[in-house]
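The values are calculated or read from the model by the stated rules, or taken from the named source; none is laboratory data. Not measured: the values here are computed from a predicted model. Cβ coordinates were reconstructed from backbone atoms using ideal geometry, including for glycine residues, and neighbour counts include every protein chain displayed. Each accessible area value is taken on the protein alone, full model and side chains, heavy atoms only, with ligands, DNA and RNA left out. Shrake-Rupley method; radii C 1.70, N 1.55, O 1.52, S 1.80 Å.
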Amino acid sequence: MRKYVVFTVVFLLVLTGFLSFLWPSASWFLIILLPVIAVALVDMRQTRHALRRNFPVLAHGRWMVEFIRPYLRQYLFESDTDGQPINR
């Protein structure tokens, strides 16, 4: 997975550089792209968490979803025992 991240980073930088010559407003995409690249490179070099090392940016998304899970369960989803008179 780490090879794909490096390939994707290089591809996006080259694509953004090429598009900025054709369309100068495309260079604003670097405002979003550069922090994500920085997070990916820091994650690939750290040794504490295997999940962050192997899946650099996706691990942060997983932890974000785990953080908002109680709110989602409270307002959007029901457990197996909620809303029924008899447990399954």
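Mean Kyte-Doolittle of at least 1.0 plus a Cα span of 24 Å or more along the axis: flag which DSSP H helices in the chain meet both, please. List each step's numbers first, then the result.
Details: long enough: 2-22 (30 Å, 1.85); 29-45 (25 Å, 2.35); 58-75 (25 Å, -0.36).
What comes out of the filter, once short or polar helices are dropped, is 2-22, 29-45.
Name the shape class, rounded, prolate or oblate, that the alpha-carbon gyration tensor gives for segment 1-72, where a ≥ b ≥ c are the square roots of its eigenvalues, rounded holds for a/c under 1.5, and otherwise prolate holds if a/b is larger than b/c and oblate otherwise.
On the way: a/c = 3.20, a/b = 1.66, b/c = 1.93.
Judged from the Cα gyration tensor, segment 1-72 comes out oblate (a/c at least 1.5, b/c at or above a/b).
Every helix of 4 or more DSSP H residues in the chain counts as -39500 (n - 2.57), and over all residues that averages to -23000 deg cm²/dmol at 222 nm.
For the set Ile31, Ile68, Ile37, solvent exposure ranked by accessible area (probe 1.4 Å, protein chains only) runs largest to smallest as Ile31, Ile68, Ile37. Here the calculated FRET efficiency for Tyr71 and Thr47, from their Cβ-Cβ distance with R0 = 35 Å, stands at 0.60, rounded to the nearest 0.05. Of Val57, Val42, Val14, the residue with the greatest mean-square motion in the GNM of the chain, using alpha carbon springs below 10 Å, is Val14.
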